[in-house]
There are 2 protein chains.
Amino acid sequence: MAATATLLGLEKKSLREQALAALRTAITSGALEPGRHLVETELSEMLQISRGTLREALRQLEQEGLVSAGARGRLSVRHLDAKEIRDIYSVRAALESLAARTLCELPDRQHVIGSLRAAIQAMEAATHGTLEERVESDLEFHRTMCRLTGNETLLHSWESLEGSIRMSIMFAGLEKGVRNMSVDRHNDIVAAIETGDATLARNTIREHMDSAAAVLVA
Amino acid sequence: MAATATLLGLEKKSLREQALAALRTAITSGALEPGRHLVETELSEMLQISRGTLREALRQLEQEGLVSAGARGRLSVRHLDAKEIRDIYSVRAALESLAARTLCELPDRQHVIGSLRAAIQAMEAATHGTLEERVESDLEFHRTMCRLTGNETLLHSWESLEGSIRMSIMFAGLEKGVRNMSVDRHNDIVAAIETGDATLARNTIREHMDSAAAVLVA
DNA sequence: AACACGGCGACTGTAAACAGTCGACCCCTG
DNA sequence: CAGGGGTCGACTGTTTACAGTCGCCGTGTT
C-alpha cells in the first residue's frame with residue numbers, strides 16, 4: 001500500500017518540498033517579481049515554516065537558477081533579460097535535441113510514440129483551459145520526451161532547467177506565451193521521431209525552440 | 001579591495017561551502033564509496049558542523065546528482081553503472097557541443113583561442129603531476145570552454161554535471177582515466193573552433209566525448 | 001518453534017535560539 | 001555645515017534542542 005501511495009504520488013510531502021513548490025509557483029506566477037529581495041524571516045513566516053527548512057528549499061531554488069545570491073548571501077528573484085532567455089532556450093534545445101535523437105535510435109518506438117501522442121492529447125484537452133494549464137501540459141510533453149529516453153541524467157538536467165523555462169515564459173509576458181503551444185508543432189516532433197531520422201528530429205526540435213525563443217524575446 | 005579579494009577567490013567561505021567542497025571531494029575520491037549510506041549526525045560530526053548546515057550542503061549535492069535519496073529521506077552516495085556513465089557523457093557531449101558551436105559563431109575568436117590554448121598549456125604543465133591534478137586541468141579546459149560562451153545557463157548546467165563527470169572518472173577506475181586527457185585531442189577542439197566550422201567543432205567534441213566514455217566503460 | 005507485540009535505539013523532520021556582520025541613522029564635534 | 005564615530009536595527013550564518021517514525025530485537029505466548 002505504501003508503495004502504491006508512492007507510485008500515485010500520494011505520499012506525505014515534507015514541508016521542504018511543499019515550500020519548494022510554493023516558492024516556485026510564487027516566482028513563476030510573478031507573485032514574487034524579478035529582482036525582489038528575499039528575506040528569510042519574511043518567507044518563513046509567510047509559508048509558516050522554520051527558517052532552517054526554508055533555507056534548504058532556497059538552496060534548491062538557487063541551484064535551479066530561480067533565485068540568485070548577492071552580497072553576503074542575500075537572495076533575490078532572478079531577473080531575466082532577452083539574452084538570458086535566448087541562452088536558456090539554447091541549452092534547452094541542446095538537451096531536447098539529444099532527447100529526440102536518442103528516441104530516434106530506439107529499436108521499438110511504438111510505446112514512445114503512444115506516450116507522446118497521449119501528451120499531445122492532454123495539450124489539446126487543455127486548449128481552452130487556463131494559461132497555466134496550457135503551459136503545464138506543454139512542459140509535460142517535453143518532460144515526457146526526456147523521460148522516455150531512459151536517460152536519468154538528461155531528465156535531471158532538463159528538470160533543473162524547467163524553472164528557468166517557466167520563468168522565461170512568465171517574464172516574456174503571458175499573452176506571448178500562448179502561441180508557444182501550438183499542437184501542430186508538437187505533432188511534427190512526434191512525426192519526426194516516428195520516422196527515426198535523428199537529423200530531422202533534431203532540426204524539428206531546434207526550429208521549435210528557435211521560434212519559441214523568438215516569440216518570447218520579440 | 002574587497003572586490004579584489006572576491007575576484008581572487010579569497011573571500012571567507014561559509015561552512016556550508018566548505019562542507020560542500022569536502023563532501024564532493026570525499027565522494028569523488030572514493031573516501032565515501034558508492035552506495036554508502038549517509039547519516040547526517042555522522043557527517044556533521046566528521047565535518048565538525050551542525051546538522052542544519054550540513055543538510056543545506058546535502059541538498060546541493062542531491063541536486064548535483066552525487067547523492068540520491070532513498071526511503072524517508074535516507075541519502076546515499078550515488079552508484080553509477082556503465083549505462084549511467086554513458087548517459088552522463090551523452091548529456092555532457094550535448095552541452096559541450098553547444099559550447100563549441102557557440103564559440104564558432106563568435107565574430108572575434110582570438111581571445112577565446114588564447115584562453116583555450118592557455119588552458120591546454122596548464123594541462124601540459126600538469127602532465128607529470130598527480131592524477132588529480134591532471135583531471136582537474138582537463139575539467140578546467142572544458143569548463144573554460146563553457147564559460148567563454150558567455151552563456152551563464154550553459155555554464156551552470158555544465159557545472160551541475162561536473163560532479164557526475166568526476167564520479168564517472170573515479171568510478172571507472174583511476175588508471176583508465178589517464179588516457180582521457182590527451183593534449184592532442186584538446187588541440188583538435190581548439191583548432192576546430194578556430195576554423196569557425198560549427199559542424200566540425202561539434203563532431204570533434206562528440207568524438208572526444210564518445211572515446212572518453214568508451215574508455216570509461218570499457 | 002513460530003509469531004505477535006512492545007520497548008528501544010537510530011535517524012530524519014522541524015523549530016527555536018544564539019552569534020556575527022553590515023548598513024543606516026543620529027548625535028556630537030570641529 | 002561637514003565629518004567622524006557610535007548605537008541600533010535588520011539579516012544571514014550556525015547551533016542546539018525537540019518531535020515523529022521506522023526498524024530491530026528481545027520477550028512472552030501458544
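The values are calculated or read from the model by the stated rules, or taken from the named source; none is laboratory data. Small disclaimer: the values here were computed from a predicted structure and weren't measured. Here the Cβ is made from the backbone with ideal geometry for all residues, glycine too, and neighbour counts use every protein chain on show. Each accessible area value is taken on the protein alone, full model and side chains, heavy atoms only, with ligands, DNA and RNA left out. Shrake-Rupley method; radii C 1.70, N 1.55, O 1.52, S 1.80 Å.
Would you pick out the residues in the range A:130-150 that are open to solvent by 10 Å² or more (accessible area, probe 1.4 Å) and within 14 Å of chain B (Cβ to nearest Cβ)? Lay out the reasoning, then the answer.
Taking the range A:130-150 and keeping what is open to solvent by 10 Å² or more (accessible area, probe 1.4 Å), we get A:130-137, A:140, A:143-144, A:147-150.
Once the filter is applied, which keeps residues that are open to solvent by 10 Å² or more (accessible area, probe 1.4 Å) and within 14 Å of chain B (Cβ to nearest Cβ), the range A:130-150 yields A:147, A:148, A:149, A:150.
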Exercise. Name the residues in the range A:53-73 that are in contact with a strand residue (DSSP E or B) (Cβ under 8 Å, 6 or more places away or on another chain) and of a type in the set (D, E, K, R), would you?
Worked result: A:62
Seminar exercise, completed: Among B:159, B:175, the single one that is modelled with pLDDT under 95, in a helix (DSSP H, G or I) and either away from chain A (no Cβ under 11 Å) or within 24 Å of residue B:106 (Cα to Cα) (or both) is B:175
Problem set entry | Residues satisfying the stated conditions in the range A:41-74, i.e. more than 12 Å from chain B (Cβ to nearest Cβ), part of a helix (DSSP H, G or I) and of a type in the set (A, V, I, L, M, F, W, C) | A:43, A:46, A:47
For this session: Name every residue in the range B:54-73 that is within 14 Å of DNA strand D (Cβ to nearest atom) and open to solvent by less than 40 Å² (accessible area, probe 1.4 Å), in order of residue number.
Result: B:54, B:56, B:57, B:58, B:59, B:60
Exercise. Does residue B:42 qualify as being within 25 Å of residue B:172 (Cα to Cα) and surrounded by fewer than 19 Cβ atoms within 10 Å (Cβ to Cβ)?
Worked result: no
Exercise. Mind checking whether some residue in the range A:198-214 is more than 28 Å from residue B:92 (Cα to Cα) and of a type in the set (A, V, I, L, M)?
Worked result: no
Exercise. Has the range B:25-40 got at least one residue that is closer than 30 Å to residue B:210 by Cβ, away from every other protein chain (no Cβ under 12 Å), in contact with a strand residue (DSSP E or B) (Cβ under 7 Å, 6 or more places away or on another chain) and not in a loop (DSSP other than H, G, I, E, B)?
Worked result: yes
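Do we have residue A:24 as open to solvent by 40 Å² or more (accessible area, probe 1.4 Å), under 18 Å from the mean Cα position of the chain (by Cα) and not β-branched (Val, Ile, Thr) here?
Numbers: open to solvent by 40 Å² or more (accessible area, probe 1.4 Å): yes; under 18 Å from the mean Cα position of the chain (by Cα): yes; not β-branched (Val, Ile, Thr): yes.
Yes; evaluated as a whole, the condition is true for this residue.
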Exercise. Conditions: (1) modelled with pLDDT under 95; (2) within 22 Å of the chain's Cα centre (by Cα); (3) not acidic (Asp, Glu). Residue A:60 meets all but one. Number of the miss?
Worked result: (1)
For this session: Quick one: residue B:127 ticks every box in (1) away from DNA strand C (no atom under 16 Å from the Cβ); (2) open to solvent by less than 50 Å² (accessible area, probe 1.4 Å); (3) not in a helix (DSSP H, G or I) except a single one, so which number is it?
Result: (2)
Exercise. In the range A:17-63, which residues are among the hydroxyl-bearing types (Ser, Thr, Tyr), within 9 Å of DNA strand C (Cβ to nearest atom) and in contact (Cβ under 8 Å) with a residue 12 or more places away in the chain?
Worked result: A:53
Seminar exercise, completed: When the range A:75-115 is checked residue by residue, the ones that are open to solvent by 60 Å² or more (accessible area, probe 1.4 Å) and either more than 10 Å from every other protein chain (Cβ to nearest Cβ) or closer than 30 Å to residue B:56 by Cα (or both) are A:79, A:81, A:105, A:107, A:108, A:110, A:111
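Each row is one residue, and each column tells you yes or no for (1) among the aliphatic types (A, V, I, L, M); (2) under 30 Å from residue A:209 (Cα atoms).
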position: B:47; (1), (2): yes, no
position: B:58; (1), (2): yes, no
position: B:78; (1), (2): no, no
position: B:90; (1), (2): no, yes
position: B:103; (1), (2): yes, yes
position: B:109; (1), (2): no, yes
position: B:112; (1), (2): yes, yes
